[in-house]
Structure formats: C-alpha cells, structure tokens
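For reference, the structure is listed below as structure tokens.
The values are calculated or read from the model by the stated rules, or taken from the named source; none is laboratory data. This structure is a prediction, so every number in the text was calculated from the model and none was measured. Neighbour counts run over all protein chains shown; Cβ positions are idealised from the backbone, glycine included. The accessibility values were calculated without ligands, DNA or RNA, using every heavy atom of the protein model including side chains. Shrake-Rupley method; radii C 1.70, N 1.55, O 1.52, S 1.80 Å.
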Amino acid sequence: MLKVQTRKEKKEQTRLKLVDSGMSMFAERGFLSTTMTEIASNVSVAHGTVFLHFPKREDLIVAVLDEFGTRLADAFEEASRKKESLRGVLEAHLSVLKTYEAFYARIVREEAHLPSKLQSLFLMLHAGVSQKIYLASEKELEKGNIRKFPRHLLFNTWISLVHYYISHKELFSPQGSVIEEKGSEILNHFMNLVRK
Amino acid sequence: MADLKCISCGSCGMPMRESGDFALGNVASLYCSHCTDEEGKLLPYETVLKSNVHYYMSSQGIDESAATELAKNLLSTKPAWKRSH
C-alpha cells in the first residue's frame, strides 16, 4: 500500500535533498564558488524554499558538514571496528577518506575561508580519529611494537601527511584518487617512523 | 547489540551507537553519557564546554584559548545550546 507522506516528512525529504545537493556541489565546485540557487536548482527545489530550510548560507554549509561528519564517523567506526592494530586503524581511516575524498579535499583546501563553526566541526571529526589512533597505539606500545609519542603529535603527524597529499592531489595523482595511489606509501612511511 | 541507527548527542554531537553511549544507557535519550549526570540530566553548559575544550586539546594539542573558541562554536550548533549560546 502506498504510504501518504506527511507534510513534516516532505519537509525533511526536501531538506535532505538540499543537503545531498550541497555535498555533491561543494565537492565538485568548492564552497566558495557554489551559490544557494545552484544547490537548489540542482535538485529542482525552488529558490525561495532553500531559505525556508536554511535562512543563511552558513546554515546550509553547517548542515552539510554535520551530515558529512556523521557519515564519515559512521564509516570510520564500521571500517575500524575489528581493527586492533595501529596499521589497521590507519588503513580504515584511509579507506573512508578515499570514499569521501572529493568533499574532504574541499574542506582541507578551503578550511581557512569557511565559517568558524565549520572548523569546529571538522576538528571534532579529527578528535574522534585521534582517539581511535591513540587507543590502537596504546596497545602497540604495550606489545613494544612502537615508540612512545605524545598523543597529539602521533595524530598530527599522521594527518599532516595525509592532508599534504590530499591538498596537492594534482601534483601526486592528477588522474585519480590520491589516497588510492599514494595511500600505501603514506601508511608505510608513517609506520616506519613510529615502529620501534 | 541490535541494529541501531546512529544518531548524535544533542549537546555535543558525539555519535551514539551503543546503549552505553546514551545517558543512563537509555537509547531514547537525546544526550550522551558524557553530557549527563548520574540521573541522566543534562550537565550545565560550562561543564560540557570544559569537557569539549579538553577533548580538542588532548586529541590535537590545540591551545586552550583556541580550543575554547572551537568548543563554543561547536556547542552553538547543537540543539541543547543553540538558542541559549
């Protein structure tokens, strides 16, 4: 039997369409070059309707990054659930970044120009990854497999490497995914740095 | 546990996947176990803020004043605090 959508469900569906449209258009064209009108017309939503859901451009960007953060965190949790080793957790991180590489790269490149709320959300995502890496590293330390590093430096070293390659993708991997092409090299290098 | 759709804490945004992540282990709670007291009530803003500041600092070595700004900005996007802060 066909279910009749309530007004609330329709409203939520439109909101999600706009968030999805924002995510794909920001990934493709960047945060700074994409207008609200383009995001709305991409999914055949009237220009005025966008402002009913997101009165300010920043509200839409925050909603998109919030949704992205949830998807990324869920995917990372799923990918790393059975990984106990540090290498396993880092592999899981790379696999998730590969899936969301285009959008993630936009954030890395344009972070300085984005509203401060977005930086807060993005760095909170990092905090979750840092926590997983830290827990895995503690187990490796107990086994004597790696050297001891301050928690934040272990994460910052890893994320600096990854972000450098992602933000210079055109130099390292102009045709495809830089994580696909350089992920193993980055991971092996990092493990060599921390291994005892 | 049973397949539970992941939602996030209405106070700090932490993903809540397992019952232990929710206040008092109650999956109907809007808030996580970190943002609530032993009765499941939402902790004061300043307490939640402090805990988030610490999380930014310990995870990435961020300076305390910068971490405070980050945490304030983050909490201002969450349902529990967006109207009051």
inquiry  = Being of a type outside the set (S, T, N, Q), touching a helix residue (DSSP H, G or I) at 6+ places or on another chain (Cβ under 9 Å) and more than 30 Å from A:Ser160 (Cβ to Cβ) is the requirement here; does B:Lys41 meet it?
reply    = yes
request  = Out of B:Glu69, B:Glu38, B:Glu64, report the one residue that is away from chain A (no Cβ under 14 Å) and acidic (Asp, Glu).
outcome  = B:Glu38
request  = Please determine, by comparing only the residues of region A:147-169 that are in a helix (DSSP H, G or I) and of a type in the set (D, E, K, R), which one is nearest to the other protein chains (Cβ to nearest Cβ).
outcome  = A:Arg151
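Looking only at residues that are of a type in the set (S, T, N, Q) and open to solvent by 60 Å² or more (accessible area, probe 1.4 Å) in region B:52-85, which one is modelled with the highest pLDDT? Lay out the reasoning, then the answer.
The initial filter retains those residues of region B:52-85 that are of a type in the set (S, T, N, Q), namely B:52, B:58-60, B:65, B:68, B:73, B:76-77, B:84.
Retained after the next criterion (residues that are open to solvent by 60 Å² or more (accessible area, probe 1.4 Å)): B:65, B:84.
Numbers: B:Ser65: 98, B:Ser84: 84.
Looking at residues that are of a type in the set (S, T, N, Q) and open to solvent by 60 Å² or more (accessible area, probe 1.4 Å), I get B:Ser65.
Restrict the check to region A:134-146 and report whether at least one residue is β-branched (Val, Ile, Thr) and either away from chain B (no Cβ under 11 Å) or open to solvent by 70 Å² or more (accessible area, probe 1.4 Å) (or both). Break it down stepwise before answering.
So the first thing to find is which residues in region A:134-146 are β-branched (Val, Ile, Thr), and the list is A:146.
Subset that is either away from chain B (no Cβ under 11 Å) or open to solvent by 70 Å² or more (accessible area, probe 1.4 Å) (or both): A:146.
Yes - at least one qualifying residue is present in region A:134-146.
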inquiry  = So for region A:135-145 (the condition being within 24 Å of A:Thr70 (Cα to Cα) and touching an Asp or Glu at 6+ places or on another chain (Cβ under 8 Å)), does at least one residue qualify?
reply    = yes
key: Hits in region A:40-69 (condition: open to solvent by 30 Å² or more (accessible area, probe 1.4 Å) and touching a Pro at 6+ places or on another chain (Cβ under 7 Å))   = A:Glu58
query = If you take the residues of region A:90-122 that are without any contact (Cβ under 8 Å) to a residue 40 or more places away in the chain and within 19 Å of A:Ala63 (Cα to Cα), which of them is farthest from the other protein chains (Cβ to nearest Cβ)?
reply = A:Tyr100
remark   = Matching residues in region B:41-61 (of a type in the set (Ser, Thr, Tyr) and more than 14 Å from chain A (Cβ to nearest Cβ)) number 2
